[in-house]
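Enquirer: Provided herewith is a single structure, encoded as structure tokens, for subsequent inquiry.
The values are calculated or read from the model by the stated rules, or taken from the named source; none is laboratory data. If you're wondering where the values come from, they're calculated on a predicted model, not measured in any experiment. Cβ placement follows ideal geometry from the backbone for every residue including glycine, while neighbour counts extend to all protein chains displayed. When the accessible area is computed, the model is the full protein with side chains, heavy atoms only, and any ligands, DNA or RNA have been set aside. Shrake-Rupley method; radii C 1.70, N 1.55, O 1.52, S 1.80 Å.
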Amino acid sequence: MEAHRLSSTKPVQSLKPTKKIPLEEDTGKASDALPLPLYLTNALFFTLFFSVVYFLLSRWREKIRTSTPLHVVTFSEIIAILSFFASFIYLLGFFGIDFVQSLVFQPSPDVWIAEEEDDEVLLAKEEARKVPCGQALDCSLPPLPPAAPIVTVQKVFDEKPVTVLTEEDEEIIKSVVAGTTPSYSLESKLGDCKRAAAIRREALQRLTGKSLSGLPLDGFDYESILGQCCEMPVGYVQIPVGIAGPLLVNGREYSVPMATTEGCLVASTNRGCKAIHLSGGATSVLLKDGMTRAPCVRFGTAKRAADLKLYLEDPDNFETLSVVFNRSSRFGRLQGIKCAIAGKNLYIRFTCSTGDAMGMNMVSKGVQNVLDFLQTDFPDMDVIGISGNYCSDKKPAAVNWIEGRGKSVVCEATIKGDVVRKVLKTSVESLVELNMLKNLTGSAMAGALGGFNAHASNIVAAIYIATGQDPAQNVESSHCITMMEAVNDGKDLHISVTMPSIEVGTVGGGTQLASQSACLNLLGVKGASKETPGANSRTLATIVASAVLAGELSLMSAISAGQLVRSHMKYNRSSKDVSKAT
């Protein structure tokens with residue numbers, strides 16, 4: 001056994017596979033030299049170790065009680081101390097070194113096969129496999145041509161792929177570092193997105209003198225993000241995805257994916273899902289579905305700005321404007337126009353349906369069509385910007401809180417009193433009082449804008465990241481007011497969340513990436529709905545609101561029961577020594 005153990009810890013000198021040691025060539029085990037069988041020797045030293053530890057502790061306790069100096073030792077105590085060191089060294093050598101080696105060195109699977117199987121089994125497996133060496137292991141590195149692409153090899157004891165750069169890559173890296181080759185042009189020049197990312201990454205490390213070893217590079221499809229998701233990539237960030245549920249909404253169960261690095265969040269939402277499920281489920285209703293874009297235009301006088309405002313808000317002109325707007329897309333349909341004037345500046349807020357897409361690009365193209373059309377009758381109109389912040393996108397704004405943006409959803413559930421007591425560990429009266437003083441009064445005292453809730457943005461952000469939504473739109477998507485009321489003679493709890501601006505889509509953007517697409521598929525809303533355009537994105541919005549309902553219910557219960565700090569101290573604090581992390 002010792003001979004095999006040493007072979008597994010020998011440093012790797014090349015990429016050749018480790019040679020197996022047949023059992024008949026084993027020259028013996030270290031334990032064979034012991035005068036007693038191994039199990040008896042181990043038992044003897046175990047007994048000796050614990051006996052002398054007990055004896056020494058008893059003696060030292062007696063000395064402390066009688067005020068005898070500890071350094072004054074008797075003959076029996078000297079023998080006990082020597083026995084302690086002898087047994088400790090034996091146990092450390094027999095168990096400790098082997099244990100440490102097993103952590104430091106990851107042995108080849110072939111080594112364990114050689115230890116555990118006899119010759120006949122090994123021969124049978126070799127005959128059954130008959131895999132050429134090149135297919136089983138990378139036995140050697142082939143010579144690389146000058147213009148060869150990046151090669152990834154797998155070492156015998158290393159689970160992480162090693163990226164090898166060619167001489168041509170080295171020249172490109174030097175030119176990027178020198179500034180002669182723009183970093184953003186690597187994809188178009190090389191025609192290989194993975195290779196471009198690796199070269200850009202190495203150039204960045206040399207320029208900054210900082211290592212990116214903890215940022216993964218391999219295992220990602222860089223072609224899928226080219227020109228639509230992320231520019232100049234050097235790797236990707238790993239975010240764990242947890243599952244809360246089953247969440248029972250409108251008679252259907254959903255397992256809700258949540259990408260987060262915050263401890264307790266998934267567990268808390270999951271508890272809320274359990275309480276809702278045990279009480280018969282939640283009901284989620286879509287109230288409105290319309291994405292907005294608001295350009296800013298300027299005239300020479302305030303009167304001319306007012307003329308355009310009256311023209312746009314005239315119902316007789318809406319049909320003409322709709323035809324012009326709808327030319328840009330099969331799914332984009334103009335729903336309404338709302339104007340706000342500031343002197344001679346006019347802000348025009350267009351609202352349109354966008355199918356299963358979140359729809360920012362879709363509505364922007366329709367708005368551009370209308371602006372081009374208006375230029376004929378209003379040649380003095382100066383378009384300041386396609387977005388004048390009256391939309392309002394990725395910013396807290398009263399117009400979204402009042403008028404809505406994206407999907408407007410209300411979700412409710414009646415939680416049974418027994419569930420409140422047994423699952424949520426609190427009472428209906430305490431929850432109602434806490435909600436009034438915290439979510440309503442406290443938020444009003446803070447001057448909150450759409451923030452009359454406990455932590456809606458927590459759930460929204462986690463689901464958005466998992467399903468490929470725009471995380472920045474969490475700002476307005478988290479506008480939420482949470483209401484709680486005692487019903488059924490005060491026995492049960494009625495809870496609701498009203499969210500006027502949930503901005504989600506199931507096609508386009510990050511939804512097409514493999515991981516995010518898988519999460520959408522888990523919810524049953526992947527891609528565009530073929531039967532009813534827009535149905536998948538609307539369903540996703542109702543799921544988001546229902547998950548927020550579960551999160552609000554659980555967190556408010558934790559605060560009411562005084563469990564918030566204890567749970568976070570238990571589940572949201574790492575036991576790892578960060579100062580020693582590499």
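Enquirer: Between a first residue in segment 361-376 that is open to solvent by 80 Å² or more (accessible area, probe 1.4 Å) and a second residue that is in a helix (DSSP H, G or I), which pairs have beta carbons less than 7 Å apart while being 6 or more apart in sequence or on different chains?
Expert: What qualifies is Lys365/Ser328.
Enquirer: Suppose we filter segment 532-551 for residues that are farther than 21 Å from Gly406 by Cα and at pLDDT below 95; how many remain?
Expert: Filtering segment 532-551 for residues farther than 21 Å from Gly406 by Cα gives 550-551.
Retained after the next criterion (residues that are at pLDDT below 95): none.
Qualifying residue count for the region: 0.
Enquirer: Any residue at all in segment 238-259 that is on the phi < 0 side of the Ramachandran plot, of a type in the set (S, T, N, Q), open to solvent by 10 Å² or more (accessible area, probe 1.4 Å) and in contact with a strand residue (DSSP E or B) (Cβ under 7 Å, 6 or more places away or on another chain)?
Expert: Looking for residues that are on the phi < 0 side of the Ramachandran plot, of a type in the set (S, T, N, Q), open to solvent by 10 Å² or more (accessible area, probe 1.4 Å) and in contact with a strand residue (DSSP E or B) (Cβ under 7 Å, 6 or more places away or on another chain), one finds at least one in segment 238-259, hence yes.
Here's the yes/no breakdown for (1) in a loop (DSSP other than H, G, I, E, B); (2) more than 27 Å from Ser477 (Cβ to Cβ); (3) in contact with a Pro (Cβ under 9 Å, 6 or more places away or on another chain):
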position	(1), (2), (3)
Ile341	no, yes, no
Ile348	no, no, yes
Val363	no, no, no
Gly366	no, no, no
Phe373	no, yes, no
Thr376	no, yes, no
Ser387	yes, no, yes
Tyr390	yes, no, yes
Ile402	no, no, yes
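Enquirer: Among the candidates Thr441, Thr354, which residue alone is in contact (Cβ under 8 Å) with a residue 60 or more places away in the chain and of a type in the set (S, T, N, Q)?
Expert: On inspection, the qualifying residue turns out to be Thr354.
Enquirer: I'm checking my understanding of the structure. Among residues of segment 303-339 that are in a strand (DSSP E or B) and open to solvent by 50 Å² or more (accessible area, probe 1.4 Å), which one is farthest from Asp356 (Cα to Cα)? Show your work before the answer.
Expert: Filtering segment 303-339 for residues in a strand (DSSP E or B) gives 333-339.
Within this subset, residues satisfying the condition of being open to solvent by 50 Å² or more (accessible area, probe 1.4 Å) are 333, 335, 338.
Values: Arg333: 13, Gln335: 16, Lys338: 24 Å.
Only one residue tops the list, namely Lys338.
Enquirer: Please work out if Ser175 is open to solvent by less than 30 Å² (accessible area, probe 1.4 Å) and in contact (Cβ under 8 Å) with a residue 40 or more places away in the chain. So that I can check it myself, show each step before the final result.
Expert: Numbers: open to solvent by less than 30 Å² (accessible area, probe 1.4 Å): yes; in contact (Cβ under 8 Å) with a residue 40 or more places away in the chain: no.
Judged against the criteria, Ser175 is not a match.
Enquirer: May I pose another question? If Lys422 passes every condition in (1) under 24 Å from Asp489 (Cα atoms); (2) open to solvent by less than 70 Å² (accessible area, probe 1.4 Å) but one, which one does it miss?
Expert: All conditions are met except number (2).
Enquirer: Do any residues in segment 59-81 that are within 19 Å of Phe49 (Cβ to Cβ) and outside the structural domain of Leu48 (by the TED database) have Cβ atoms under 6 Å from those of residues that are among the hydrophobic types (A, V, I, L, M, F, W, C) and surrounded by 10 or more Cβ atoms within 10 Å (Cβ to Cβ), where the two are at least six apart or on different chains, and which pairs are they?
Expert: Matching pairs, first to second residue: Ala80/Val52; Ala80/Phe55; Ala80/Leu56.
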